[in-house]
2 protein chains.
Amino acid sequence: MKDSHISLAHGNGGSYMRELIETLFNRHLGNSNLDINSDAACINLLPGELVVTTDGFTVDPLEFPGGNIGTLAVHGTINDLAVMGAYPKHFTLSVFVEEGFNISVLDRIIESFALTAKETGTTVITGDTKVLRRGEGGGIYLSVTGIGIRPQGVQLGFNEVKPGDTILVSGPVGDHGVAIMLAREQFGFRGKLKSDAASIQPLTEVLLELACVRFMRDPTRGGLATVANEIVRGTGFDVSLNETNIPVRDSVYTVCDALGYDPLYLACEGRVVAVVSPEKAEKALSCWQALPSGKEAAIIGTISQNRAPQPYVTLKTTLGGERILAELSDDPLPRIC
Amino acid sequence: MKDSHISLAHGNGGSYMRELIETLFNRHLGNSNLDINSDAACINLLPGELVVTTDGFTVDPLEFPGGNIGTLAVHGTINDLAVMGAYPKHFTLSVFVEEGFNISVLDRIIESFALTAKETGTTVITGDTKVLRRGEGGGIYLSVTGIGIRPQGVQLGFNEVKPGDTILVSGPVGDHGVAIMLAREQFGFRGKLKSDAASIQPLTEVLLELACVRFMRDPTRGGLATVANEIVRGTGFDVSLNETNIPVRDSVYTVCDALGYDPLYLACEGRVVAVVSPEKAEKALSCWQALPSGKEAAIIGTISQNRAPQPYVTLKTTLGGERILAELSDDPLPRIC
């Protein structure tokens, strides 16, 4: 690239834009499905149901311990497909980048995106770039659509969930939220905690093979407590979580204690919550624990018939009490995923 | 909605966000494929090739004569599928909206998006909303992915184009660009010109039925001259355009003359350029002219074997001269599509 920073000319359809696409985007993302001379892509997919997801990504800072907005976008999109029981195949990538943005940072972000896609066996099939006027962009935003294939016969969803079912989580919660907080360095904290951002697809795949799973979701914005509330709203049943069993790292507790946050409401980007049949819960747990990304998995709660007129999420605390985990209305830590 | 303006809480996964999704997005966009309780959608499609496109939308002003950012997003996405020979079926919608944005404007934009989708027989199957911090958003950005089906056997592309082929345009060029300029009211001009933003799918469909079309593209950013340059770059042949035959409205000429713009480089959002076999060019023209969106269609040029070592786009001017239409490097009118 001749230029070191993005200008409005990089978004206007002319030779600057072509140079950006050819020498930066295509260098990293090029593959046989991606035709940079066309505004769309044709793909052939294996038989099965088509599963489609879309997500906007904005994070501050753009680069953080354990990833950047590019890796986050790949993992976040894969994870939304994986919890549907799908095998992620393709992405579209829409970039909004602000005039004046450093092209070497853009290069790192797109390179990370490409490497992460490659690691997960996925490809970018089409993309678009818009340049935002200086002062109107917050740096860079990505919007990614993911396309996956779900094998015939997979049945997942709130209506599959039954009282007595067991709830598992694949690893410690809140790492991503706290890692982003530390990376911002606004609170005078420092630490070695990394974001948990990762593909959960190996985790969802083993549960599908066990044929024991009723519902899966990745606890991103709003964290584990929000997924629990979504289950309650979607099924009408109570969710009881056991605080003693919910894995949370000491460093996450320390930061949360100091700042008054609840780790159960903090975002993860590489965890999955699954509702499984009680007979197969132990087997599911041991399958997860045998995977590198599931070593710290745990059984954390159960689904039960609602006792009160309204169904609730209740948390059995480590002190032996019980409290309601309410739905979040606002979030103490905006823009982390 | 209880609130009149967007706050960060509307993007944080909690009850405010749910209210926004349920009472605004779902009210307008709801359909049997859209599950607002899930981050992805499953779809069943007819046999054929899957065609996928993605596009980011940012326009200033957000509402303009002939449309708004919502209608533009639907038309722009449909048109990128249509020029591939596909039938548009589904959208994903990713919204970036700034804290403080007026919810009634958001409501109008999403309502327009929904009505335009309905008119064109398309549906939104999944979506996402991110709230940007005040001062970092420029109001609202949309990113839309479109999914369409292309019947088996359709062959379109640069490698189908042959010397001797005829170039058509479906209507006057530059209306959208000038309409946006007038809507900005920065130059002291006023006028009744409307954006040409519309679906070109009826136009592409008749050409496919005639089995005469080799290549199609919608002249958006960079206008007709940029599409002509893309054909030259993609095929290695010369493109000769005849200025006398290129339809341009008088009001567009007037504004361009006064401000020093060339209408051939201004964006359209409801036109299509097609390269067709010379034997069927007149038939293709009359088919277009029989459609409401093609009344002012014209034959505007030809493809020829390149004369110079480098292929070029040349314009036979109304005065009888010839000039090269160079590739754009910057654009006089940023952010219009």
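The values are calculated or read from the model by the stated rules, or taken from the named source; none is laboratory data. Everything numeric in this text was worked out from a predicted model, so none of it was measured. Here Cβ is always computed from backbone atoms with ideal geometry, including for glycine, and neighbour counts include all displayed protein chains. Surface accessibility is based on the protein's heavy atoms, side chains included, excluding ligands, DNA and RNA. Shrake-Rupley method; radii C 1.70, N 1.55, O 1.52, S 1.80 Å.
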*When only the heavy atoms of the protein chains count and the probe is 1.4 Å, how do B:GLU269, A:GLU19, A:GLU296 rank by accessible area, highest first?*
A:GLU296, A:GLU19, B:GLU269
_Rounded to whole Å, give me the distance from the Cα center of the range A:66-110 to that of the range B:242-260._
42
_So if I restrict to the alpha-carbon atoms in the range B:156-218, what is the Rg, and what is Dmax, the biggest pairwise distance, in Å?_
16.3, 47
*Can you list residues whose amide H is under 5 Å from A:ARG214's amide H, if they're 5+ apart or on another chain and H is modeled 1.01 Å from N?*
A:VAL275, A:VAL276, A:SER277
*Total Å² of accessible surface buried at the A-B contact, 1.4 Å probe, nearest 100?*
5700
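What fraction, in whole percent, of alpha-carbon pairs in the range B:158-324 exceed 30 Å separation?
Numbers: 2043 of 13861 pairs.
Counting every Cα pair in the range B:158-324, those more than 30 Å apart make up 15 percent.
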*Over the range B:8-150, what is the percentage of antiparallel beta bridges among all DSSP beta bridges, to the nearest 5?*
70
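Convex hull over the alpha-carbon atoms of the range A:8-150: what's its volume per residue in Å³?
101
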*Assuming R0 = 56 Å, can you tell me the calculated FRET efficiency for the pair A:ASP35 and A:THR317, based on Cβ-Cβ distance, to the nearest 0.05?*
0.50
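Considering all alpha-carbon pairs of the protein assembly as shown, what whole percent are spaced by more than 37 angstrom? If you can, show how the numbers build up before the last one.
Values: 85141 of 226801 pairs.
The proportion of pairs with Cα distances above 37 Å equals 38 percent.
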*Can you list the distances in nanometres, one decimal and ascending, from the B:GLY164 label point to the identical position in each other copy, with the point 7 Å along Cα to Cβ?*
7.7
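With Rg and the Kirkwood Rh both taken from Cα atoms, where does Rg over Rh land for the range A:237-337?
Values: Rg = 15.0 Å, Rh = 15.5 Å.
Result for the range A:237-337 is an Rg/Rh of 0.97.
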*Can you tell me the 0 to 90 degree angle between the C-alpha axis of helix B:69-82 and the longest principal axis of chain B, rounded to 10?*
50
*Give me the angle, in degrees from 0 to 90, between the Cα long axis of helix B:223-235 and the longest principal axis of the Cα atoms of chain B, rounded to the nearest 10.*
70
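Assuming R0 = 45 Å, what is the FRET efficiency of B:GLU209 and A:ASP3, from their Cβ-Cβ distance, to the nearest 0.05? Could the numbers behind the result be given before it?
Values: r = 46 Å, r/R0 = 1.01.
After rounding, the FRET efficiency stands at 0.50.
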*Round to a whole angstrom and tell me the spacing of the C-alpha centers of the range B:124-153 and the range A:168-230.*
25
*Taking each label point as 7 Å beyond Cα in the direction of the beta carbon, state the distances from B:LYS118 to the same residue in the other copies, shortest first, in nm.*
4.8
*asked:* Under the rule of at least 5 residues apart or a separate chain, name every residue whose amide H is placed under 5 Å from the amide H of A:GLY30.
replied: none
*Starting from a label point 7 Å past Cα on the Cβ side, list the distances from A:GLU279 to the same position in the other copies, nm, shortest first.*
6.8
*For the range A:197-271, state what percent of all Cα-Cα pairs lands in each successive 5 Å bin, counting from 0 Å until the bin that includes the largest distance.*
3, 13, 19, 24, 22, 12, 5, 2, 0
*Taking all protein chains as present, what is the carbon and sulfur share of the accessible area of the protein assembly as shown, in % to the nearest whole number, probe 1.4 Å?*
49
_For chain A, built as a Gaussian network whose Cα springs stay under 10 Å, the top-fluctuating residue of A:ALA228, A:ALA41, A:ALA274_ = A:ALA41
*Short version: ³J(HN,Hα) in whole Hz for each residue of the range B:250-263, in order, from phi by Karplus 6.51 cos²θ - 1.76 cosθ + 1.60 (θ = phi - 60°), x for Gly and Pro, what are they?*
4, 5, 5, 4, 4, 5, 5, 4, 5, 9, x, 9, 9, x
*Taking springs between alpha-carbon atoms closer than 10 angstrom, which of B:LYS295, B:LYS192, B:LYS316 fluctuates most in the Gaussian network model of chain B?*
B:LYS192
_Computed over chain B: relative contact order in percent, which uses C-alpha pairs under 8 Å that are six or more apart_ = 22
*Note down the Stokes-Einstein diffusion coefficient of chain B in µm²/s, whole number, using a Kirkwood radius over alpha carbon pairs, 20 °C, and 1.002 mPa s.*
102
*Using just the helices of the protein assembly as shown, give the 222 nm mean residue ellipticity in deg cm²/dmol: DSSP H runs with n ≥ 4 each add -39,500 (n - 2.57), and the total is spread over all residues, rounded to 500.*
-8000 deg cm²/dmol
*Pairing the Cα long axis of helix B:201-210 with the longest principal axis of chain B, what angle in degrees results, from 0 to 90 and rounded to the nearest 10?*
40
*Selected from A:THR58, A:THR226, A:THR317 as most flexible by GNM, with chain A as the system and alpha-carbon contacts under 10 Å*: A:THR317
*asked:* Need the per-residue list for the range A:103-134: every residue with at least 30 Å² less accessible surface in the complex of protein chains than in the chain by itself, probe 1.4 Å, sorted by number.
replied: A:ASP128, A:LYS130, A:LEU132, A:ARG133
_Relative pair counts by distance (%), Cα atoms of the range A:101-224, 5 Å bins_ = 2, 7, 12, 15, 17, 17, 12, 8, 6, 2, 1
